[in-house]
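A.B. asks: What follows is a single structure, and I will ask about it in a moment.
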Protein chains: 2
Amino acid sequence: MTFPVVGMIGGGQLARMTHEAGIPLGINFKLLADGPQDSAARVAGEVVVGDHRDLDTLRDFARGCDVITFDHEHVPTEHLRALEADGVPVRPGPAALLYAQDKGAMRERLDAIGVPSPRHRLVRDPDDVMAFAAEAADGAAASVAAGQDLPVVLKTVRGGYDGKGVWLVRDRQQAAEPFRAGVPVLAEERVPFVRELAANVVRSPHGQAVAYPVVESVQVDGVCDTVIAPAPELPTERAVRAQELALRIAEELDVVGHLAVELFETTDGRVLVNELAMRPHNSGHWTQDGAVTSQFANHLRAVLDLPLGDPRSRARWTVMANVLGGDYPDMYAGYLHCMARDPELKIHMYGKDVKPGRKVGHVTTYGDDLADVRARAAHAAGYLRGTIPE
Amino acid sequence: MTFPVVGMIGGGQLARMTHEAGIPLGINFKLLADGPQDSAARVAGEVVVGDHRDLDTLRDFARGCDVITFDHEHVPTEHLRALEADGVPVRPGPAALLYAQDKGAMRERLDAIGVPSPRHRLVRDPDDVMAFAAEAADGAAASVAAGQDLPVVLKTVRGGYDGKGVWLVRDRQQAAEPFRAGVPVLAEERVPFVRELAANVVRSPHGQAVAYPVVESVQVDGVCDTVIAPAPELPTERAVRAQELALRIAEELDVVGHLAVELFETTDGRVLVNELAMRPHNSGHWTQDGAVTSQFANHLRAVLDLPLGDPRSRARWTVMANVLGGDYPDMYAGYLHCMARDPELKIHMYGKDVKPGRKVGHVTTYGDDLADVRARAAHAAGYLRGTIPE
């Protein structure tokens, strides 16, 4: 059979679950991992261990791959351009990926295509920060008061994730901190929001696109804790607007594959773009058990330019809760308990060593009663982490 | 994490799909395959290539496995006993597996525990066959007429599958054929049946068991073509009887893991056991997309003595259709067509070279309208095989 070879760069849990989704598709999956103990490297058939920042390694890896895609955004843009020049299809391509790698470029581009973001400015020093904070306070009717955080968020334009590379600061002195990394800093208005949403879409090279139901993403300490699909009590008009924004971004930025658009739903009913990710995303894990076609399967279908699968929900409510590492390194006893307590629970472990706060798995639950579905997911995730007893 | 290692013997599609199911469970999966191009060997992380009939190979493979299980029934019983004597958990164990390996032993055992089978007898020669045929004809009100098949089925007691090792014969001369293999031959009455059913259950070492909905299995030329879950218009009382039979067999024979009980639903409303398989089975493939917990996930949970997952259906109707190889070796174009035609279709390819008549994949569909669900599955399977045009 002439089924194609997909090369995925990065050995984390996203690659692990993409491989899982590729098995029924008959796809030949090839992995470039940092080490043999990476989450995906433990389960994939064809694994190359090497440095994704090294062009020769990438070129060797790309040989025999029909398309290259990604578990993360850390491959240097110039290397991806070199692979493209070699004739290797890179999906999403470097021109699109730039906007997932560089928050400054992303904001500029979204402004240009009229997609609403929080107010923002690239800042050069603490004085810039203080000036922007004064403007933001004015616009948001907030105040810049001594002893309180400024109404701005500072972000490194490259390399941040899960709350890393993000700062809240109180004064000019604290505002110096983000500049120490030597990377440009983006200042964004802290918008008053009701909750965070995610509008996830998948787009193929020939322009077909599908939109998943808009979900609510509940963050704890800057890390995604729970995702509820669909977002409860979201007015249809607002959900459609969020989906349209995501589809527009995918098209305008020529994204191929899964695009996660993280959004703020503001107190005044707007939806503003927070972050973009051009790969399968934590806010889409619920689709494995809750949608007709998972984000992982559709990402593969997209990068191979295959027709996309149905993104609709299979259940009235699906809830995904992340399992973070706790103080106790062995989760197997807790896992057994969770299976016994809830035979409908879906557990997804990543094969990673447990470290406090590390994402080591997730659970999903589904059903008609949202309170019950949420409670079951929260119990399982908390029990596995060790933060709640029976 | 101390997640266990499951060693599976046999590299076919059942092992491939078991590995797929083991990824989210966080199970470490180790495979003993005949060759690196085996269906499962193409996608599994840890693959040992070796001969499953060689005890030293089995012993080497078993080292480091927490439990051994199977993709097929072809490992010699004495080797499994040797592994058990070494202290390796073998699940299902050799004492149970014997009844899936030897149809004569299976019939004798089912008789002993009062489970109904077609009338049967171990036969030694063509005269025995003719005598049994005369009795069967009498009992079934059928006739032994010249030029017609006798009302008996002859089976080699070991090694048959998918219509292989099974004979219909017309006379004493043809009845000599099955004896040429030098293996004992079982003669069974050809019961007048309405259709074939399968009652699939999963049982764990500590005795927990779950029963999947009873399905209808539609055979074409002795090979499973379509499975419908649940079996349409099956009276509840009869479905429960079939599930009870399967649960009783699992308990009496001390089966651990998935047990498929293939049944005849007779014209007079009885359910008789046709075959047993102690592993994931073609009649259970629908559970991947149609049940809360797939047969593969539950097989793993059972052999690891983990609590079992919910076996209930997620849809009103689920239909699985096997994809057999046709004359054209490349299925990729057809696969693309099927995805485009039906975004809800679930395709499962086995990564096997296409040969005419070979099972190379399956498709599943689900929904509320059985006629539509069946038509979609049949179209996709037929189109992939190349037997129907658009």
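The numbers here are math on the coordinates, done by the rules we state, and not lab data. Because the structure is a prediction, the values reported are computed rather than measured. Glycine gets a Cβ as well: all are built from the backbone with ideal geometry, and neighbour counts include every protein chain shown.
A.B. asks: In peptide A:289-298, what is the residue-averaged number of other protein chain Cβ atoms found within 10 Å of each Cβ? If you can, show how the numbers build up before the last one.
C.D. replies: Numbers: counts 3, 0, 0, 6, 5, 0, 0, 0, 2, 1.
Average neighbour count from other chains, rounded to a whole number: 2.
A.B. asks: While we're here: Taking Cα centroids, how far is the stretch B:253-317 from the stretch A:258-328 in Å?
C.D. replies: With the stretch B:253-317 and the stretch A:258-328 each reduced to a Cα centre, they are spaced 31 Å.
A.B. asks: Please report, to one decimal in angstroms, the Kirkwood hydrodynamic radius of the stretch B:203-299 built from all distinct Cα-Cα pairs.
C.D. replies: One decimal place: 13.8 Å for the Kirkwood radius.
A.B. asks: Hey, how many Å between the Cα centroid of the stretch A:51-112 and the Cα centroid of the stretch A:168-186?
C.D. replies: 28 Å
A.B. asks: Return A:F29, A:F61 ranked ascending by Cβ neighbour count within 10 Å, so the fewest neighbours appear first.
C.D. replies: A:F61, A:F29
A.B. asks: Rounded to the nearest 0.05, what FRET efficiency is calculated for A:E135 and A:Q219 with R0 set to 30 Å and r the Cβ-Cβ distance?
C.D. replies: Details: r = 26 Å, r/R0 = 0.86.
Computed FRET efficiency for A:E135 and A:Q219: 0.70.
A.B. asks: How do B:K155, B:K355 line up, fewest other C-beta atoms within 10 Å first?
C.D. replies: Sorted ascending by nearby Cβ count, the order is B:K355, B:K155.
A.B. asks: Using a Gaussian network for chain B with springs between C-alpha atoms less than 10 Å apart, which of these wobbles most: B:A175, B:A378, B:A231?
C.D. replies: B:A175
A.B. asks: Taking 8 Å as the Cα distance limit and 6 or more residues as the minimum spacing, I'd like the relative contact order of chain A as a percentage.
C.D. replies: Worked out over chain A, it gives 13 percent.
A.B. asks: Sort A:T364, A:T267 so the one with the fewest other Cβ atoms within 10 Å of its own Cβ comes first.
C.D. replies: A:T267, A:T364
A.B. asks: Hey, another quick one. Could you work out how far apart the two model spin labels at A:I113 and B:D330 are, taking each label as a point 7 Å from the Cα in the direction of the beta carbon, and quote it in nm?
C.D. replies: Going by the 7 Å Cα→Cβ label model, 3.4 nm.
A.B. asks: In nm, give the distance between the simple-model label positions of B:A105 and A:D51, each being 7 Å from the Cα along the Cα-to-Cβ direction.
C.D. replies: Rounded to a tenth, the inter-label distance reads 5.8 nm.
A.B. asks: With the dipole of chain A worked out from charges on the C-beta (+1 for Lys and Arg, -1 for Asp and Glu) around the Cα centre, which of A:V360, A:A187, A:V169 lies farthest toward the positive end?
C.D. replies: Going by the Cα projections, it comes out as A:V360.
A.B. asks: Here's a follow-up. Placing +1 at every Lys and Arg Cβ and -1 at every Asp and Glu Cβ, with all other atoms neutral, what dipole size does the stretch B:5-90 have around its Cα centre, in debye to the nearest 20? Kindly include the intermediate steps, with their values, before the conclusion.
C.D. replies: Details: 7 positive and 14 negative charges, 42 e Å.
Rounded to the nearest 20 debye, it is 200 debye.
A.B. asks: Quote the Stokes-Einstein diffusion coefficient, in whole µm² s⁻¹, for the stretch B:55-145, based on the Kirkwood radius over alpha carbon pairs, a temperature of 20 °C and a viscosity of 1.002 mPa s.
C.D. replies: Stokes-Einstein gives a translational diffusion coefficient of 134 µm²/s.
A.B. asks: Pairs to check: A:K164/A:K359; A:K346/B:K352; B:K164/B:K355. Give those whose C-alpha atoms are more than 21 Å from each other in this structure.
C.D. replies: On the way: A:K164/A:K359 14 Å; A:K346/B:K352 29 Å; B:K164/B:K355 17 Å.
Those over the limit are A:K346/B:K352.
A.B. asks: In terms of the ratio Rg/(2.2 N^0.38 Å) built on C-alpha atoms, what value belongs to the stretch B:246-343?
C.D. replies: 1.36
A.B. asks: Taking only Cα atoms and a 10 Å spring cutoff, compute GNM fluctuations for chain A and point out the largest among A:K30, A:K352, A:K164.
C.D. replies: A:K164
A.B. asks: When the helix-only estimate is applied to chain A (DSSP H runs of n ≥ 4, each -39,500 (n - 2.57), divided by the residue count), what is the mean residue ellipticity at 222 nm, nearest 500 deg cm²/dmol?
C.D. replies: -9000 deg cm²/dmol
A.B. asks: Moving to a separate point now. Can you give the percent of C-alpha pairs in the stretch A:150-261 whose distance is more than 19 Å?
C.D. replies: 58 percent
A.B. asks: In addition: How big is the stretch B:193-385 in terms of Cα radius of gyration and Dmax, in angstroms?
C.D. replies: Gyration radius and largest Cα-Cα distance of the stretch B:193-385: 16.6, 48 Å.
A.B. asks: Could I ask something else about it? I'd like the projected area of the protein assembly as shown, averaged over all directions, using the convex hull of its alpha carbons. Report it in nm² with one decimal.
C.D. replies: For the protein assembly as shown, the mean projected area of the Cα convex hull comes to 35.2 nm².
A.B. asks: Still on this model: Inter-copy label distances at A:A375, 7 Å along the Cα→beta-carbon direction, one decimal in nm, shortest first?
C.D. replies: In ascending order, 4.4 nm.
A.B. asks: How long are the semi-axes of the equivalent ellipsoid of chain A, defined as square roots of 5 times the Cα gyration tensor eigenvalues? Whole Å, largest first.
C.D. replies: Equivalent ellipsoid semi-axes, largest first: 31, 27, 21 Å.
A.B. asks: I'd like to know which of B:V261, B:L308, B:T318 lies farthest towards the positive end of the charge dipole of the stretch B:217-333, counting +1 on Cβ of Lys and Arg and -1 on Cβ of Asp and Glu.
C.D. replies: The Cα lying farthest towards the positive end belongs to B:L308.
A.B. asks: Hull surface divided by four, with the convex hull built on the Cα atoms of the stretch A:1-78: how many nm²?
C.D. replies: Values: hull surface 18.9 nm².
Approximately 4.7 nm², given one-decimal rounding.
A.B. asks: If I take R0 = 35 Å and measure r between the Cβ atoms of A:E84 and B:H337 in this structure, what FRET efficiency does the formula 1/(1 + (r/R0)^6) give, to the nearest 0.05? Each step should come with its number before you reach the end.
C.D. replies: Values: r = 29 Å, r/R0 = 0.83.
Efficiency at R0 = 35 Å is approximately 0.75.
A.B. asks: Which of A:Q101, A:Q37, A:Q243 moves the most in a Gaussian network model of chain A with Cα springs under 10 Å?
C.D. replies: Comparing A:Q101, A:Q37, A:Q243 in the GNM, the peak value goes to A:Q37.
A.B. asks: Measuring nothing but label to label, 7 Å from Cα along Cα→Cβ, what are A:P192's distances to the other copies in nm, shortest first?
C.D. replies: Nearest first, the other copies' label points are 8.1 nm away.
A.B. asks: Place the label 7 angstrom along Cα→C-beta at A:R53 and in each other copy, then list the distances from the first to the rest in nm, shortest first.
C.D. replies: Ordered by increasing distance: 5.4 nm.
A.B. asks: What's the FRET efficiency of B:E344 with B:H74 using the Cβ-Cβ distance as r and R₀ = 30 Å, to the nearest 0.05?
C.D. replies: 0.20
A.B. asks: With point charges of +1 on the Cβ of Lys and Arg and -1 on the Cβ of Asp and Glu, referenced to the Cα centre of the stretch A:5-90, which listed residue (A:G22, A:V49, A:H74) lies farthest in the positive direction of the dipole?
C.D. replies: Positive-most Cα among the choices belongs to A:G22.
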